Amino acid sequence: MVPKERIHGILEDYDKDDIVVATLCSHSSLQIFHGARLEGFKTLGIAVDQNTKFYDAFPLGKPDEIIRLGSYAEMLDNVDEFIDRNAIIIPHGSFVEYLGHERFEKVEVPTYGNRKVLHWESDREKEREWLTSAGISMPRKLSDPKDINRPVLVKYHGAKGGRGFFIAKDYPDFKLGIDHTQPYTIQEYIMGTRYYLHYFFSPIAEGGYRTSDGSLELLSIDRRDESNIDEMYKLGAQEELKKHGLFPSFVVTGNIPVVVRESLLPKIFEMGEKVIQRSQELFGGMVGPFCLESIVTDKLEFKVFEISSRIVAGTNPFISGSPYSDTACPRVEGSRRSLGPHWIRGTWTS
Amino acid sequence: MVPKERIHGILEDYDKDDIVVATLCSHSSLQIFHGARLEGFKTLGIAVDQNTKFYDAFPLGKPDEIIRLGSYAEMLDNVDEFIDRNAIIIPHGSFVEYLGHERFEKVEVPTYGNRKVLHWESDREKEREWLTSAGISMPRKLSDPKDINRPVLVKYHGAKGGRGFFIAKDYPDFKLGIDHTQPYTIQEYIMGTRYYLHYFFSPIAEGGYRTSDGSLELLSIDRRDESNIDEMYKLGAQEELKKHGLFPSFVVTGNIPVVVRESLLPKIFEMGEKVIQRSQELFGGMVGPFCLESIVTDKLEFKVFEISSRIVAGTNPFISGSPYSDTACPRVEGSRRSLGPHWIRGTWTS
Amino acid sequence: MVPKERIHGILEDYDKDDIVVATLCSHSSLQIFHGARLEGFKTLGIAVDQNTKFYDAFPLGKPDEIIRLGSYAEMLDNVDEFIDRNAIIIPHGSFVEYLGHERFEKVEVPTYGNRKVLHWESDREKEREWLTSAGISMPRKLSDPKDINRPVLVKYHGAKGGRGFFIAKDYPDFKLGIDHTQPYTIQEYIMGTRYYLHYFFSPIAEGGYRTSDGSLELLSIDRRDESNIDEMYKLGAQEELKKHGLFPSFVVTGNIPVVVRESLLPKIFEMGEKVIQRSQELFGGMVGPFCLESIVTDKLEFKVFEISSRIVAGTNPFISGSPYSDTACPRVEGSRRSLGPHWIRGTWTS
C-alpha cells in the first residue's frame, strides 16, 4: 500500500486549479468524464488495448485526452506521467478488477477514495466480517458443501461480473458445478427481488441525511441484467435444459432502472449509515459512491450479498438523474447529480 | 361515512390561501409533498411509529412538518388538529390500507377524492360489479374451487400488496394453498404481460382528452416488481421448488418503468373513460389519479384484474415525467407533471 | 419500385418552406409528430379505421391534421393529396407491415429513407445475406428441421410482432408447432439477454462517430416486452404448462428501457458501421434510424437476429432522451434528441 504521506506529498505539489480527472475507458467512464467536465475539471482516459472511437458519439462523455498503455501493469510504470498532469484517478469496478487490487494499492498516484477499503472488499471473508459486524443481514454462509440442503449460490472470489457463479440445490449439484482451482464461497440462495442500491457518502457535505460525520445520499437503484440467467426462463425449465447441456450463467450485460417501495427507504438509509460507520472503525472510512447489492424477501427484509465500494455501472441509466436524485435537488439543465459539486471538489484521496 | 355537508362546512371555514396538504409518510409521499410544494401548498406528514429521517435526504420531498401518532386509530382523535391547520388529506394506497377503510370513511377531515369509492373498491364483488358493468373485460371468476381446470389466481380481499396470493392449476393445488380464515376470490389466471395504467381524471380541467364532463390523462405506466415471484425462475421450475418447500409469493417491493405498444392507447383511454363514467352513475364519480391493473394477452386484449382509485406507488419512477406526460405538456424545469396545477387547486374533497 | 427520378421530380415542385411530415397513426407516431413539430414542420396523420381521439391527451404529439382512409390500399389512390400537401412520409414498422412492402414500394410520394432497403429486409434470406456479408454474427440457420438437436426459434417471414414464433428443442417439438402454410426460418436459439440497439445514421451530419461517409449515433436501447413469454415463468415450467395446453407466444406489447455494459459500446458501433457500409454497397445505403436486434451471450458476444431499417417502437420510452442521447448532446428544454435537427432537414427521400 502506498503510504498516505506519499500521496499527500504528491498532492501538495499539484496545481489545484488544474486538476485532471482520470479513469479507465470502460465501465462508467462516460458519466465520470461528463460529470468531471461539468465541474470544470480536465479529463484523461486510460486505454489498454481498447478501441476508443465510440467516445466520438458522446462528445459530453469523451475525455480531453487518452493515454494508451500496452497492459494494465504499465500503469505502475507511468506514474510520473499522471503526476505531471495533476491527475486524480477515479477507480471504478473494472479499473480495480483489471488492474488487480494488489497493483492498484501500489499505484503512486492520488486516487479518489480510501484505498484501504480494497483489503476488506476483495476478500469475501473480510467483506462478510465488515458487513455483519455493521449489523447488516447477509445470506447465511455454508462452509461444508455437504451441508447443502437448500438452494445456495456458489461464488468465486473477486469481482468477475458473475462469471462462473452457479446455483446448487444439493451436494450432487455442487459437485457437478464446482471449479476446485478457485477459492469459492457458498451462500444461502435468498428468494426475492434484487435491488442494487447506489449510495454516496460525503464527509465534507453539509445538510441532507446526516451520519455521525458526513452526509449520505441515495443516488439511484438498478437491477443488473445477467446473461444467460435473466432470460433463460424463456426456453423451459432449468432442470430440462440441463439435460440438453444448457446451464445458467450470471454475466452482467446491462442495467435496468427500478425504484423501491417507499416504506423500505428508512431501512436503506440505516444500512448505508451502518456500513459507513463501521468502515470508519475498521479502516478509516469509505468515501464517495458505493453500492449495497441486496435482495428483498417477501417479508420485506433486506439481505445484502455484496458491497461495491466505488461507482458501479448500475448508475449508468441515471446520467441525467433518477427519481431519487431528482427529489434530492432540482435537476439543473446542462448539469447532473451523480457527480455533483461535492463529488470531486474537496476530494478524499489516498 | 362522514356526511358531505359536514366536510363542506369544515371547508367553508378553511383559509383557502393557507391550505396544508397532508398524507401518511409512506408509499408515494415523497412525490405528493414535492408536488404540493411546487403548487405553493404547505405540507404535513403523518407518521405512525415511523423513522422519518430518510426525508432529510430528499429536501424536495420532505414535509414542512410531521405529526406523530401512536397508532392509525389516533387519526380519529386528532381530527381537530388537522382542521385547525386547514389540512386536506391525500389518501394513497398504504394510507387507506393501514388506517382501514371503515375508519377512513369516518375521518372528519377533508380528503382528496370521493370517499364513496371505498365501498366499491374494498370489496372484490363490488369492484367486479363496477368494472364489468362499465364494459371492462376482467379475468373470469370461479365460485367453486372444484371447477378449477385452468390456472387461477387466488386473492384475499383488501389491498395487501399481494401477500398470500397464490396460483393453483387444479383443485388439489387450491387445497394445498388456501387459508380458509380469510375471504378470497378465485380468478382465471390470464397469460400475458402486466401494465399498471396510471390515469388522472379531472372534472375541472379543460382541453385534453374529453369525457362527458372532464378530462382524462395517462400519466405513466409501470410494472410491479414482486417478491419472490419475479425472480423465482432463476432457481428452477416451480414444480421442483415446491418439492423443496419453496412457494411463490407476490409482495410488491418496487416498480419498473414501461411503455405500451402505441396501438393500445385508444383502448386504454376507452377503458379509463368507461370506468369514470360508470363511477359517476354508481356513486357520484371518482376524481384524481387512479390505476387500472391490466394484463395484455397475445391477442392484444386487455384484461383488468384490479382498480386502485387513488395514487399508486407505480407512479414513483416518474417524479420528473414519463414518455406520456412529456408528450402531454412540456417538462417545466423545477416543476413536474404528476401533481400538476389541476391536481389540488380546485380539489374535490369529501 | 417508384423510380428515383419520379420522386426527385415531385420533390422539385415541393414548397421546401412548407413541408408536411406524414405517418400512420400508430407505432411511434406520437414522437414522430412531436419531433417534426419541434423542427418546425407541419404534421399529417394517416388513419385507417382507427380511433384517434387518444391524440387529444398528448397535445405535443397530435398531428395538425388527419387523413382518414378506408383501407391501407387507398394510400395508392390518394397519392395526389399527399403531393399537393408537400408531404414526406416517415415509414415506421407498422406502416410498412400494414401497407405491405410491395405496395409501399409503389407509393408515388416522397418517403424518408431508401426504399430499396425493403427488398433486403422483408425476406429473411436476403436479410441474412446482408448482415452476414457485413461481418455480423447471427444465430446459425437450419434448413432441415430434422437436424434440430439444440433449442431453435422458428420464425415466419415479415414483421409480425412475434405472432406465431415458437421455440422447439427437437424435431417432435417442431412438428407440434409448425404452420406449413407460411414460409418460415429456423434459427439456433441463442441463450443470453436481449438488447434492441437504436441507431441513427446520417450521411449529412458532421462530427460525431464518423463512418466512411456519415455519422452514426446510438439513440437508446430497449428490451421488448412480449406476451405471453415474458411472464409465463410465473405460472410454472413450460413443459408442465404445455400439458395444460398453454404455449408460449411472442407478441410485442411494450418496451422497457435498458443500458448495456459500457465495454460493449465499441462492438455496438462497429456493428452499426458495418451494416451501414454494406448497405451502401448492396443497395445505395440505408439512412436515418435503424435497429439491430441482438442477444448478448455470457461470453459477451453479440448475436444479431434481425434488423429493422426504420424507427422502431423501442425508442418510445426515450421521447425526452436516454442516457446515450443525453451524453451525445445536452438535453434542450422543450426539445428532444431522437428526432433532432439532422433528422428531417436535408432528408433523404426515395
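The values are calculated or read from the model by the stated rules, or taken from the named source; none is laboratory data. These numbers come from a predicted model, not from an experiment. When we count neighbours, we look across all protein chains shown, and the Cβ atoms used for this are built from the backbone with ideal geometry, even at glycine. Heavy atoms of the whole protein, side chains included, go into the accessibility calculation; ligands, DNA and RNA do not. Shrake-Rupley method; radii C 1.70, N 1.55, O 1.52, S 1.80 Å.
Odds and ends about this structure:
- For A:TYR189, the residues whose modelled amide H falls within less than 5 Å of its own, excluding neighbours fewer than 5 places apart on the same chain, are A:VAL152, A:LEU153.
- Alpha carbon centroid spacing (whole Å) that separates the stretch A:211-233 from the stretch B:219-279: 21 Å
- Among A:THR23, A:THR193, A:THR43, the residue with the largest mean-square fluctuation in a Gaussian network model of chain A, with springs joining Cα atoms closer than 10 Å, is A:THR193.
- A 1.4 Å probe run over the protein chains yields, for the stretch B:166-241, 32 Å² of accessible area per residue, whole-number rounding.
- Most mobile of A:SER26, A:SER325, A:SER71 in a GNM of chain A (Cα contacts under 10 Å): A:SER71
- Cβ-Cβ FRET estimate between B:LEU76 and A:GLU301, R0 fixed at 25 Å, reported to 0.05: 0.20
- Pairs of C-alpha atoms in the stretch C:40-143 farther apart than 23 Å represent 41 percent of all such pairs.
- With both residues required to sit in the protein assembly as shown, DSSP beta bridges show an antiparallel share near 75%.
- Within chain A, percent of DSSP bridges classed antiparallel, to nearest 5: 75 percent
- Relative to the globular-protein estimate of 2.2 N^0.38 Å, the Cα radius of gyration of the stretch C:98-223 stands at 1.29.
- Cβ-vector label at 7 Å, A:MET1, separations to other copies in nm: 6.8, 6.8
- For chain C, built as a Gaussian network whose Cα springs stay under 10 Å, the top-fluctuating residue of C:TYR233, C:TYR98, C:TYR324: C:TYR233
- Chain C, helix-only ellipticity at 222 nm - DSSP H runs n ≥ 4, -39,500 (n - 2.57), divided by all residues, nearest 500: -7500 deg cm²/dmol
- Test item: Cα-centred dipole of chain C, Lys/Arg +1 and Asp/Glu -1 on Cβ, debye: 920 debye
- With each label modelled as a point 7 angstrom along the Cα→C-beta vector, the B:GLU281-B:CYS329 pair spans 3.1 nm.
- Theoretical FRET efficiency, 1/(1+(r/R0)^6), r = Cβ-Cβ of C:ILE83 and B:THR132, R0 45 Å, to 0.05: 0.35
- Cα-based shape type of chain A, given that a ≥ b ≥ c are square roots of the gyration tensor eigenvalues and the cut on a/c is 1.5: prolate
- Accessible area (Å², 1.4 Å probe, nearest 10) - C:LEU99: 0 Å²
- Formal net charge of residues neighbouring B:MET271 (Cβ-Cβ distance under 12 Å; K, R +1; D, E -1): 0
- Accessible surface of the stretch A:65-106, 1.4 Å probe, proportion on carbon and sulfur as whole %: 44 percent
- Heavy-atom accessible surface of the stretch C:170-214: percent carbon and sulfur, 1.4 Å: 51 percent
- Heavy-atom accessible area buried between chains B and C is around 4300 Å² (1.4 Å probe, both sides summed).
- Accessible area of A:ARG6 (1.4 Å probe, protein heavy atoms only, ligands and nucleic acids ignored): about 100 Å².
- Part-to-part distance (alpha-carbon centres) for the stretch B:1-59 and the stretch A:97-173, which is given in Å: 45 Å
- Copies compared at A:GLY70 - label distances in nm, ascending, label defined 7 Å from Cα in the Cβ direction: 7.7, 7.7
- The long axis of helix B:265-283 is offset from the longest Cα principal axis of chain B by roughly 70 degrees.
- Formal net charge of residues neighbouring C:ASN78 (Cβ-Cβ distance under 11 Å; K, R +1; D, E -1): -4
- Look at the alpha carbon pairs under 8 Å that are at least 6 residues apart: their mean separation over the length of the stretch B:73-205 gives a relative contact order of 20 percent.
- Violating pairs (Cα-Cα greater than 27 angstrom) within the set A:LYS303/C:LYS242; A:LYS175/C:LYS234; A:LYS242/C:LYS155; A:LYS146/C:LYS299: A:LYS303/C:LYS242; A:LYS175/C:LYS234; A:LYS146/C:LYS299
- In Å², nearest 10: area of B:TYR184 left accessible to a 1.4 Å probe: 70 Å²
- Sites A:GLU125 and A:LYS4, calculated FRET efficiency, Cβ-Cβ separation with R0 30 Å, nearest 0.05: 0.75
- Sorted shortest first, the separations between the B:SER137 label point and its copies elsewhere in the assembly read 4.2, 4.2 nm; each point sits 7 Å from Cα along the Cα-to-Cβ line.
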